[in-house]
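Structure first, commentary second.
Any read-out appearing in this document is the output of simple, stated calculations on the displayed coordinates, not a laboratory observation. All of these numbers come straight from a predicted model, not from anything done at the bench. In this analysis, Cβ positions are derived from the backbone assuming ideal geometry, glycine residues included, and neighbour counts consider all displayed protein chains.
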C-alpha cells in the first residue's frame with residue numbers, strides 16, 4: 001500500500017492512500033520459499049524452517065541468488081529463525097542490521113557453507129538438477145523446470161512463512177498520444193488472462209486471477225490457486241509433466257500462501273549500502 | 001587481369017586525378033575515425049559524464065558530484081576486487097604465455113611441412129568454431145561434483161570422495177580463462193616467430209649454441225613484440241571480464257566488473273560508471289606499461 005500510488009500525475013511523492021495515479025500496474029506476484037531436493041536430504045520433512053539454510057549438515061550444498069535484496073533477506077530469515085539475530089523489519093533493514101548480517105555471511109562463505117551464488121534462472125535449475133546443491137534460494141518456475149526433468153524438487157513451505165514480492169509494469173514518462181495508447185493497450189492485454197494463465201502453471205499468481213482462470217483448466221485452477229490435490233497430472237506451460245495426480249501445492253491455496261508472508265521484498269532505504277556490502281561479501 | 005599494371009596504392013596518381021596528399025590521409029583515416037567517434041568515443045564520454053551524476057532509487061540525477069569516485073577510492077572492497085582481478089590476470093597470463101610460447105615454438109621450428117604446420121595451426125582454432133559461452137559452460141558438467149572427471153577419479157579408485165575444488169572455485173575460473181585465451185597469446189607469438197630468419201638459427205647452431213641458448217638468446221628476444229601483443233589481449237580480457245568469473249566460480253569470486261555489474265543490477269548507474277572509468281584508466285596504464293617495455297610498432301610495420 002505504501003508504494004502503490006503517487007500523490008499526483010507528475011509527482012515523485014508516494015501517497016499513503018489510494019489515489020488515481022498508480023506507481024505501476026501489478027503484473028505478477030508470489031510467495032517465495034526455499035527449493036530443496038527431497039531425495040538428497042532424506043525426505044520432504046527434512047527442511048521445515050528457514051533456519052535449515054544455515055544448518056551444518058547442508059554445509060557446502062546450499063546456494064543463494066547472487067542478488068543482494070533477495071540473498072540478504074533469505075539469510076536474514078534463516079538467522080532470525082535460528083534465534084541468532086533479531087530484525088525490526090527484514091524488508092527494510094538498517095545499516096547496522098545489514099552489516100551484522102553480511103559479517104555472519106562472510107564467515108559462512110569463508111567456511112565453505114555455500115556451494116554457489118547463482119545469477120540466472122538456468123543456473124539455479126542446473127545447480128539443483130545436478131545435485132551440486134540440495135537447498136537454495138529459488139523461484140517457483142525454476143522448481144517446476146527441475147520437476148519437469150523428472151527430478152524431484154520441492155518448494156518447501158517453511159514454518160516462519162514466505163518471502164513475498166510483486167512485480168509491475170509502467171509506461172515511461174515521455175510517452176504521449178498513440179505511443180501511450182499502445183502502452184496502455186499492452187498493459188490491459190497483460191492482465192487480460194493469457195499471460196496470467198501461462199505463469200500460473202509456473203507457480204506465479206496474476207493480480208487479476210479471474211481472467212487467468214479462463215486460460216486454465218478447472219483442475220489446474222484447483223491445484224495452483226486453491227491448493228487442492230491435483231485431480232489429474234499437472235503439466236508445465238510447455239506441456240511437460242510437472243506433478244503427478246494427487247499431489248498438492250506447497251503451502252496450500254493463494255490465501256494461505258500469501259496470508260503467510262513474513263517479509264516483503266522492497267527497495268530498502270539503505271539500498272546503496274546493501275549493494276556495496278553485497279560486493280564486499282562476494283569478494284570476501 | 002589485362003591492361004596496365006595496377007598502381008592504385010601509389011598515392012593519388014593512378015586514377016587520373018590528383019588529390020593533395022593531406023586530403024588522402026584524411027580520407028584514409030576518416031571511416032575508422034567516424035566509427036570510433038560514434039560507437040566508442042561518444043559512449044565513453046557519456047559514461048564519464050554519468051559517473052559524476054547523483055542517483056536515487058529509480059532516477060539518475062544530473063549534477064556534478066565526486067561522491068561516486070570518493071566511494072570507489074575509499075572503499076577497501078575496491079582494493080580487494082582489483083587484487084582479485086589482478087591475481088587472475090597474472091596467473092592466466094603466466095600459464096597462457098608458457099603454453100602459447102611452447103605451442104608456437106613447436107609449430108614454427110619443429111614442423112617442417114608447411115601443410116602440416118597450417119593444419120595444426122587450424123586445429124588450435126577448432127575450439128573457436130563454437131561460442132565462448134558454450135566453451136566455458138561445457139566445463140561445468142565435466143568438473144562438477146557428480147561430473148565426468150570426478151566420476152572417473154572415483155571409478156579408478158584415485159579418490160574416494162569427489163574433489164569439490166574442481167568447480168565453483170578459483171581453479172575452475174583459471175581453467176576456463178586459459179582455455180578461452182591461450183590462442184590469443186599463441187597467434188601473435190607464432191606470427192613473430194615465423195619471421196625469424198632460419199639462417200640466424202643455423203648460424204647459432206654452427207657456432208655451437210645449445211637449443212636452450214638459442215631459445216633464450218635469439219627466439220625469445222625476437223618474439224618480444226608478439227609476447228607483448230598477446231599479453232595485451234589476455235590481460236585486458238581478464239581485467240574486463242565478469243561472466244567467466246561469475247559462472248565458473250559459482251559466484252564465489254568477484255572481479256572488478258562483476259561488482260560493477262551488481263551495481264547495474266541495482267539500477268545504480270552513476271557508481272557503476274565511476275567504477276568503469278576507474279577500470280579503463282587502470283587497464284590503459286597496464287597497456288601503456290607493456291608498450292613501454294616492448295616496442296610493438298616494430299611488429300606491425302616490419
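Can you grab the distance from the C-alpha centre of region B:174-190 to the C-alpha centre of region A:2-78, Å, no decimals?
42
Could you compute Rg(Cα) / (2.2 N^0.38 Å) for region B:173-268, with N its residue count?
Details: Rg = 19.8 Å, N = 96, 2.2 N^0.38 = 12.5 Å.
Taking N as the residue count of region B:173-268, the ratio is 1.59.
Arrange B:124, A:153, A:182 by Cβ neighbour counts within 10 Å, fewest through most, would you? Before the final figure, lay out each step's value.
On the way: B:124 17, A:153 23, A:182 12.
Taking fewest neighbouring Cβ atoms as first place, the list is A:182, B:124, A:153.
Does a label point 7 Å from the Cα of residue B:54, set along Cα-to-beta-carbon, have any residues of region A:242-280 with amide nitrogen under 16 Å, and which are they?
A:272
Give the Kirkwood hydrodynamic radius (Å, one decimal) of chain B, defined as one over the mean of 1/r across all pairs of different Cα atoms.
Numbers: mean 1/r = 0.0428 Å⁻¹.
Hydrodynamic radius (Kirkwood, Cα pairs) of chain B is 23.3 Å.
Just need the relative contact order of chain A here, percent rounded to a whole number, with Cα pairs under 8 Å and 6+ apart. Don't skip to the end; give the middle numbers.
Working: 504 pairs, mean separation 69.4, N = 284.
Relative CO of chain A lands at 24 percent.
Along the Cα-to-Cβ line of residue A:96, 7 Å from the Cα, sits a label point; which residues in region A:237-281 have backbone N less than 16 Å from it?
From region A:237-281, the list is A:270.
Whole Å is fine, so just give me how far the alpha carbon centre of region A:144-176 lies from that of region B:270-290.
Here the two parts' Cα centres lie 37 Å apart.
Calculate, for residue A:19 and residue B:99, the FRET efficiency according to 1/(1 + (r/R0)^6) with r their C-beta to C-beta distance and R0 60 Å; round to the nearest 0.05.
Details: r = 65 Å, r/R0 = 1.09.
The value I calculate is 0.40.
Defining a contact as two alpha carbons under 8 Å apart and six or more residues distant in sequence, what relative contact order in percent does region A:14-120 show? Please report the intermediate quantities before stating the final value.
Details: 77 pairs, mean separation 33.6, N = 107.
So the answer I get is 31 percent.
Taking 51 Å as R0, compute the FRET efficiency from the Cβ-Cβ separation of residue A:57 and residue A:175 and round it to 0.05. Write down the numbers at each step before the final one.
On the way: r = 54 Å, r/R0 = 1.05.
Efficiency at R0 = 51 Å is approximately 0.45.
Need one number: nm distance between label points at residue B:76 and residue B:267, each 7 Å from Cα along Cα→Cβ, rounded to one decimal.
The answer from the label model is 3.3 nm.
For the protein assembly as shown, what size does the Cα cloud have along each of its three principal axes, sorted from largest down, in whole Å?
So the extents along the principal axes, rounded to whole Å, are 88, 69, 55.
Can you compute the helix-only [θ] at 222 nm over chain A? Use -39500 (n - 2.57) per DSSP H run of at least 4 residues, normalise by all residues, nearest 500 deg cm²/dmol. Intermediate values should be presented prior to the final figure.
Working: 11 runs with 104 residues, N = 284.
Computed ellipticity for chain A at 222 nm equals -10500 deg cm²/dmol.
Along Cα→Cβ, 7 Å out, is where each label goes; now give me the distance between the ones at residue B:153 and residue B:196 in nm to one decimal.
Computed distance between label sites residue B:153 and residue B:196 equals 3.8 nm.
Taking the Cβ-Cβ separation of residue A:235 and residue B:137 as r and a Förster radius of 25 Å, what is the calculated FRET efficiency to the nearest 0.05? Can you show the working numbers first?
Values: r = 28 Å, r/R0 = 1.13.
For R0 = 25 Å, the calculated efficiency reads 0.35.
Per-residue ellipticity at 222 nm for chain B, helices alone: DSSP H runs ≥ 4 residues times -39500 (n - 2.57), over residue total, nearest 500 deg cm²/dmol?
Details: 16 runs with 198 residues, N = 302.
One gets -20500 deg cm²/dmol as the mean residue ellipticity at 222 nm.
From the Cα gyration tensor of region A:142-284, with a ≥ b ≥ c the square roots of its eigenvalues, which class applies: rounded if a/c is under 1.5, or else prolate if a/b is larger than b/c, or else oblate?
Oblate, because a/c is 1.5 or more while a/b does not exceed b/c.
For chain B, what does the relative contact order come out to in percent, with C-alpha contacts under 8 Å and a separation of six or more? Let's see the in-between values first.
Working: 308 pairs, mean separation 75.6, N = 302.
It comes to 25 percent, rounded to a whole number.
Looking at the protein assembly as shown only, what percent of DSSP beta bridges run antiparallel? Nearest 5 please. Don't skip to the end; give the middle numbers.
On the way: 21 of 30 bridges.
In the protein assembly as shown, approximately 70 percent of DSSP beta bridges are antiparallel ones.
How many nm separate the modelled label positions at residue B:36 and residue A:194, each set 7 Å beyond the Cα in the direction of the Cβ?
4.9
How would you rank B:267, B:279, going from fewest to most other Cβ atoms within 10 Å of each one's own Cβ?
Working: B:267 16, B:279 20.
With the sparsest Cβ surroundings first, the list reads B:267, B:279.
So for B:160, B:253, fewest C-beta neighbours within 10 Å to most, what's the order?
Details: B:160 7, B:253 23.
Ranking B:160, B:253 by Cβ neighbours within 10 Å, fewest first, gives B:160, B:253.
Pulled fully out, how much extra length does the chain show between residue B:207 and residue B:282, if you take 0.36 nm times their separation in residues and subtract their Cα-Cα distance? All intermediate terms of the calculation are to be shown ahead of the outcome.
Details: separation 75, 0.36 × 75 = 27.00 nm, distance 4.57 nm.
Using 0.36 nm per residue and subtracting the Cα-Cα distance, I get 22.4 nm.
In whole angstrom, how far apart do the alpha carbon centroids of region A:235-257 and region B:72-135 sit?
48
Quick one: divide the alpha-carbon radius of gyration of region A:1-141 by 2.2 N^0.38 Å and tell me what you get. If you can, show how the numbers build up before the last one.
Details: Rg = 18.0 Å, N = 141, 2.2 N^0.38 = 14.4 Å.
The value comes to 1.25.
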